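The values are calculated or read from the model by the stated rules, or taken from the named source; none is laboratory data. These numbers were taken from a predicted model, which means no experiment stands behind them. All Cβ positions, even for glycine, are placed from backbone atoms using ideal geometry, and neighbour counts span all protein chains on display.
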Amino acid sequence: MSWPELQGQELALLKGAFANPRQLHAAFDGREEAAELIEVFLPGINRDGKYQRADVLVAWAQENESAIKRQRRESLHGMWEVLPQQRVVPKLTDTFDELARSNPLVLLPALQRKRRLLRENTDATQRAKEEQLARKKYALQLAEILKEAKLPLVQQLEGVDRPEEVWPRIFGTRRSKTLRNRLKAWQPFRTWLQCVHEVQWPTSVRQLIDYSNERFRSECGKTVLNSFQASLAVLEQVGKVAETQRLSSDTTWLAHLKSLTADLVGEQAPVQQAPMITVAMIISLELHIAREDEPEYIRAMAFVALLAVYGSMRMDDLQGMLPATMQLTAQGFRATLGRTKTTGADRRNKEVSVFIHRQAGLSGFDWLGEGFALWKKYTQPRDFLVMIARDDWKGPTKHFAKSEVVAGYVREVFKRLATPKFEDGAYRLNLQRYLLVEGAQGFFTGHSPRNWLTSAAAVLGWSKDQRDFLGRWMIGGSGSADYTRTAREVVHRIQIGVCEAIVTGKGGEYQESEALEELKAFVDERGGSGALARRRHDLLRTVEGVRCLGSKWPAIEQDDADASEEEEAPEAMNVEGSATKYFISISRKTGHRRLHLNGPCHVKPHHCNRVEFVERVALDQIDSICRDCKHRMREDQGAEDDQDTSSESGSTSDSSSEEG
């Protein structure tokens, strides 16, 4: 039996993958599968060329069909002749299952057959029905936004017959994906509006500019702001907002948006530091954790804000923190950042640690111990820290909160802070007075906590090489134990040195007059009393010629017996699951089960509706394997294994069907 008549290089690729023509004949059934096989060996080939070669393979297979059948009969006859008298049945099923559990690529042919049967038995109108249901779902959610905002359309449709049929149609013929994208782009802004301005709909261009600036500072994607503008335009148009009152058409806003977008596209974003938080805010945050009159998750978010303050962390750094690694010892708090802007499974630095000294603090309250105890209650399996809050703020849901949502939560905490006062040798909160008054809450952003410690350390004379350890910029690519010990010691010294200087004036004089003046100017520009806002924050007083808090040090007492260098029994956060090699994502609508590598895959468990963590895999557990993970598995096996499985991959080109 001869090989098909293909060009020399193309035929050589097939001969390298198939031991003989008979194996090639068994690798495809029909023109479509032959085309898939060609595409595997000749990636990037155009459609005409692919099907031209597929036709050659199909014609060759038909010509040799009778010869193949004869060889199969002869092989079968020979097998019966050499079989022993006593029949021995090897446990092939057990062998296959064991192999499949350790190497999911073995399951690819069986998964391809399952998908083929599924396609053959699928209702031809299913896609249209799903599109109709999805359009209705997203249209109703967008309609709720219009109702919350009380736009003119709501009044026009008040009392209309059969509103459940009318509201889904107000968005015209827009596709479900368009409506979904408009909703997705609007939701972060909606959360931001509620947290910062306590409104459901923007009332001025200033709100749009403030929000876009905050997203810009958080290094959002280059299409994020344009998507937000598209959502605003659609909602104003459908909501019947008068053209003269539409914020999406405001020339100042459009010019600002164009400038930000140009910087994002050109990757020339100017550095814009978020406003510095004040000493009064830090003291109030520490005391806020103990407030029993506040919802539990608000107190928990105050702890998160303080982690960002003393750990010099961005909001997305917080979401890279692995709760299972959080420990509180006599030396202090420690946790691992598994995925940040500069670390992760696919980067040179896989992970890095964050440290906070046990006595770091200004108020004298053990905020680390109290806040850690709060977060110990949240044992949901996850590889991030902050979850979406419940509506009543009494606890979290199980869902992942994006960095801009975390920033919004921190601003919500800022709004609730009470003014601290020094009374009877200790700081307490005056619950009758808010700390951020006269609109001052709009001055600080969710990113303000991050730069406080590094800026304070610079003012107090710490060198840049030492300050670089605060932001983990000195990791150097090794992540070794020596680096970790050095980083911990340097970070702890800076944290304690800064806190002691602010509390007692020893080691330098911390000045925040510039930050207070910026706050005063911000409030004055908006018609408030800048002097009142400044006075609430000015806690430093002159003691022996030095501006400081003038309270006792150390602010947090610690027993000498507990401060040993050895950490024998750290108190660790108990979080379920997630240390397995694989996880299976389960579709909300179809129940489709897709296998992913846990960690390297760009799909994260917390982004999925439902997941199962597994160490070993069986065929009845999954319906497909993630396209990117499949490539990673083949790369991990090396060139030889990749060649051995090429015939399987040729008949299971499932990239588009898996991800669709």
(request) Output the residues belonging to the range 416-428 that are closer than 18 Å to LEU532 by Cβ and not charged (D, E, K, R). (result) LEU417, ALA418, THR419, PRO420
(message) Can you say whether ARG526 is without any contact (Cβ under 8 Å) to a residue 12 or more places away in the chain and over 13 Å from LEU540 (Cα atoms), as far as the supplied structure shows?
(response) no
(request) Can you confirm whether the range 264-276 contains a residue that is assigned to a helix (DSSP H, G or I), surrounded by fewer than 16 Cβ atoms within 10 Å (Cβ to Cβ) and not β-branched (Val, Ile, Thr)? (result) yes
(request) Kindly indicate which of ALA555, ALA579 is modelled with pLDDT under 90, crowded, with 17+ Cβ neighbours inside 10 Å and either touching a strand residue (DSSP E or B) at 6+ places or on another chain (Cβ under 9 Å) or assigned to a loop (DSSP other than H, G, I, E, B) (or both). (result) ALA555
(request) For the range 537-551, enumerate the residues that are surrounded by fewer than 22 Cβ atoms within 10 Å (Cβ to Cβ), in contact (Cβ under 8 Å) with a residue 12 or more places away in the chain, touching a Lys or Arg at 6+ places or on another chain (Cβ under 8 Å) and not in a loop (DSSP other than H, G, I, E, B). (result) ARG547
(message) I'd like the full set of residues that are surrounded by fewer than 14 Cβ atoms within 10 Å (Cβ to Cβ) and in contact (Cβ under 8 Å) with a residue 60 or more places away in the chain, limited to the range 20-70.
(response) GLN23
(request) Could you check, for the range 635-646, whether at least one of its residues is at pLDDT 75 or above and within 29 Å of GLU351 (Cβ to Cβ)? (result) yes
(message) Given the criteria touching a Pro at 6+ places or on another chain (Cβ under 9 Å) and not basic (Lys, Arg), does ALA274 qualify?
(response) yes
(request) Report the residue count in the range 287-315 for those that are part of a loop (DSSP other than H, G, I, E, B) and over 18 Å from ILE356 (Cα atoms). (result) 6
(message) I'm trying to understand the selection: among the residues of the range 588-627, which are touching a Cys at 6+ places or on another chain (Cβ under 9 Å) and modelled with pLDDT of 85 or more?
(response) ARG594, LEU595, HIS596, LEU597, CYS626
(request) Could you please give the count of residues in the range 403-427 that are over 19 Å from ILE298 (Cβ atoms) and of a type in the set (Lys, Arg)? (result) 1
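Table: residues versus (1) among the β-branched types (Val, Ile, Thr); (2) in contact with a helix residue (DSSP H, G or I) (Cβ under 7 Å, 6 or more places away or on another chain); (3) closer than 23 Å to ASP628 by Cα; (4) modelled with pLDDT of 70 or more.
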{"site": "ARG22", "(1), (2), (3), (4)": "no, yes, no, yes"}
{"site": "ARG31", "(1), (2), (3), (4)": "no, yes, no, yes"}
{"site": "ASN46", "(1), (2), (3), (4)": "no, no, yes, yes"}
{"site": "GLN52", "(1), (2), (3), (4)": "no, no, no, yes"}
{"site": "ARG70", "(1), (2), (3), (4)": "no, no, no, yes"}
{"site": "LEU76", "(1), (2), (3), (4)": "no, no, no, no"}
{"site": "LEU83", "(1), (2), (3), (4)": "no, no, no, no"}
{"site": "PRO90", "(1), (2), (3), (4)": "no, no, no, no"}
{"site": "GLU98", "(1), (2), (3), (4)": "no, no, no, no"}
(request) Residue by residue through the range 429-443, note down the ones that are over 14 Å from SER529 (Cβ atoms) and in a strand (DSSP E or B). (result) LEU429, ASN430, LEU431, GLN432
(request) Please specify each residue of the range 582-623 satisfying the condition of being among the polar types (S, T, N, Q) and either assigned to a loop (DSSP other than H, G, I, E, B) or surrounded by 20 or more Cβ atoms within 10 Å (Cβ to Cβ) (or both). (result) SER585, SER587, THR590, ASN598, ASN609
(message) Cβ-Cβ distance below 9 Å, separation of 6 or more or different chains: which pairs start in the range 371-388 with a residue that is without any contact (Cβ under 8 Å) to a residue 40 or more places away in the chain and surrounded by 17 or more Cβ atoms within 10 Å (Cβ to Cβ) and end on one that is among the aromatic types (Phe, Trp, Tyr) and part of a loop (DSSP other than H, G, I, E, B)?
(response) MET387/TYR378
(request) Tell me, please, whether a residue that is in contact with a helix residue (DSSP H, G or I) (Cβ under 7 Å, 6 or more places away or on another chain), modelled with pLDDT under 75 and either surrounded by 10 or more Cβ atoms within 10 Å (Cβ to Cβ) or assigned by TED's automatic domain parsing to the domain that holds ILE625 (or both) can be found in the range 114-124. (result) yes
